[in-house]
1. Working only within segment 361-384, note down all residues that are open to solvent by less than 30 Å² (accessible area, probe 1.4 Å), farther than 17 Å from H315 by Cα, of a type outside the set (V, I, T) and in a strand (DSSP E or B).
2. Kindly establish whether N281 is in contact with a strand residue (DSSP E or B) (Cβ under 7 Å, 6 or more places away or on another chain), in contact (Cβ under 8 Å) with a residue 40 or more places away in the chain and in a strand (DSSP E or B).
3. Any residue at all in segment 408-416 that is part of a strand (DSSP E or B) and open to solvent by 40 Å² or more (accessible area, probe 1.4 Å)?
4. Quick check, is G179 within 15 Å of the chain's Cα centre (by Cα), surrounded by 21 or more Cβ atoms within 10 Å (Cβ to Cβ) and either at pLDDT 95 or above or not charged (D, E, K, R) (or both)?
5. Give segment 147-164 a look and list any residue that's under 13 Å from the mean Cα position of the chain (by Cα) and either of a type in the set (K, R) or in a loop (DSSP other than H, G, I, E, B) (or both), or say none.
6. In this structure, does S101 turn out to be loosely packed, with under 15 Cβ neighbours inside 10 Å and at pLDDT 95 or above?
7. Could you list, in sequence order, all residues of segment 385-407 that are in a strand (DSSP E or B), open to solvent by 10 Å² or more (accessible area, probe 1.4 Å) and either of a type outside the set (G, A, S) or at pLDDT below 95 (or both)?
8. Would you be able to say whether some residue in segment 291-310 is out of contact with any His (no Cβ under 6 Å at 6 or more places or on another chain), open to solvent by less than 10 Å² (accessible area, probe 1.4 Å) and among the small types (G, A, S)?
Amino acid sequence: MIEFRRAFFFTTIVFLAACGSDNVGPPPPPPPPPPPPPPPAPTQLAFTAEPTQARYDSIITPAVTVETRGAAGTRIAGATNTVTLALGVNPNGAALTGTTSVAAVDGIATFANLRVNARARGFTLVATSGSLMPDTSVAFNIVQPLFPGVVQAGTLHTCALVASAGLYCWGRNDNGELGDSTLILRALPEQVRFEEPGAGFVHLALGDSHTCLTSSTAKMYCWGSDSSGQLGIGSQADRRIYPTLVSGGISFAGVTAGRAHTCGVATPNPDSTYVYCWGANDRGQVGDSTNTQRNAPVLIAGGIAMSTVTAGRNHTCAIATATGKAYCWGDNTFGQLGDSSTSARNGPVPVAGGLTFNQISAGGNHTCGITNIPEAYCWGENTDGQLGDSTTDQQTAPVKVSGGVTFAGIASGTRFTCGESAGQQLYCWGRNSDGQLGNGSISTLPTLQPVPVGGTINPTGLSAGDRHACATTFPGVAYCWGANVSGQIGDGTRGARPNPVVVVY
């Protein structure tokens with residue numbers, strides 16, 4: 001018995017010794033984590049939203065924003081430093097107004113009500129904040145509406161006559177058709193320097209790649225491409241990038257331009273107005289009974305006094321002064337001469353139907369006019385419904401425009417037409433591939449009768465080009481809409497505009 005107790009006691013001691021007293025109870029707590037690294041110090045500023053263009057009478061939108069960044073170029077979250085903006089490049093001594101000093105929120109300073117109070121191009125903004133490295137914005141323009149009396153749309157360019165400032169043009173300029181002595185495309189109107197002392201501008205016409213105008217002294221000037229003699233300077237040139245006097249010493253009271261030909265109404269006296277044409281004549285569009293290219297003005301055949309003249313792509317039409325009857329000549333592939341045939345004519349032929357017109361407008365391959373009643377009639381190509389008669393059928397004689405609208409003015413483009421109603425509402429019809437109908441949509445489907453142009457415009461003038469149109473309004477603001485690949489809309493952009501937008505400069 002005694003021996004057993006000794007053995008048990010000895011075993012227990014051995015067991016306890018093996019377990020050890022240090023392994024009894026909870027483990028010790030882990031060591032504390034190291035302290036977080038200090039936030040990076042702000043070192044620089046950077047514009048993250050900056051203007052490219054704004055109107056002088058409007059807040060710059062979207063709002064200008066500036067980030068506070070560290071040396072690695074990343075935003076400093078939580079930064080609250082005050083950022084101040086000022087004009088850097090300032091072409092005309094303008095003032096920057098609104099809240100120009102803003103505390104950053106989470107590293108971003110937002111300037112929501114900035115304005116620049118004068119028009120100019122090439123402004124910049126400079127952002128500063130204490131000792132941080134400042135930043136400078138991209139160059140931007142401050143613009144204002146152009147206030148022209150006349151706007152004319154060409155193929156890919158547009159021009160306007162401004163009573164107080166002369167002539168402005170914008171859009172494509174590959175052939176110098178803007179007349180600003182360069183070949184630079186302009187998405188904003190650029191003033192054309194005109195060198196006839198004391199002369200003003202009266203009439204304006206745009207072709208495919210050339211431009212012409214008449215001055216208050218009854219002289220005519222043209223510029224741009226002269227590939228077919230359409231400048232009328234007496235000898236064919238490559239191009240002219242500034243206004244050049246048309247030869248012949250003829251006094252002109254009106255001008256129109258087609259793809260590569262030009263015509264003008266001459267005014268020896270108020271009772272005797274005759275039409276002269278020049279340029280491409282392969283389809284008889286010059287109207288002198290030949291198909292010979294003319295590099296200087298020639299009198300059209302027929303001896304008919306004309307009060308107005310209009311040029312389409314390769315055809316020409318005019319209204320006889322004495323009778324109000326319409327006459328056309330040139331290409332007639334689609335019946336655009338309206339003489340009930342499709343035969344080309346190299347001299348004036350009467351439009352069928354016996355209608356009398358007070359307006360006429362030749363488009364790409366169709367023609368439209370307003371009669372004395374007044375009613376709108378069109379004839380020629382109708383692939384996209386540009387005749388407005390609810391069909392796509394070609395017509396070789398005038399057909400009445402559908403829809404019951406009474407029109408006071410009309411303008412024919414390429415495969416589309418626009419008109420001004422007696423109630424000063426704008427309507428367009430035909431092709432709408434680039435928004436040229438101005439109704440807010442772009443569609444591959446033709447519109448076969450007049451639809452209203454969007455917005456509130458009280459037009460005083462209307463012009464249709466290849467795939468864009470323009471209107472002047474009272475008190476003189478200009479709107480354009482449609483294709484804009486070359487900046488021909490004149491709002492500083494190059495994207496299609498399916499709604500009318502204000503022309504700015």
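1. Listed by number, the list holds a single entry, A376.
2. So N281 fails the test.
3. yes
4. no
5. Scanning segment 147-164 gives G154, T155, L156.
6. Yes.
7. Within segment 385-407, Q395, T396, P398, V399, K400 qualify.
8. no
The values are calculated or read from the model by the stated rules, or taken from the named source; none is laboratory data. Not measured: the values here are computed from a predicted model. Here Cβ is always computed from backbone atoms with ideal geometry, including for glycine, and neighbour counts include all displayed protein chains. These accessible areas exclude ligands, DNA and RNA; they are computed on the full protein's heavy atoms, side chains included. Shrake-Rupley method; radii C 1.70, N 1.55, O 1.52, S 1.80 Å.
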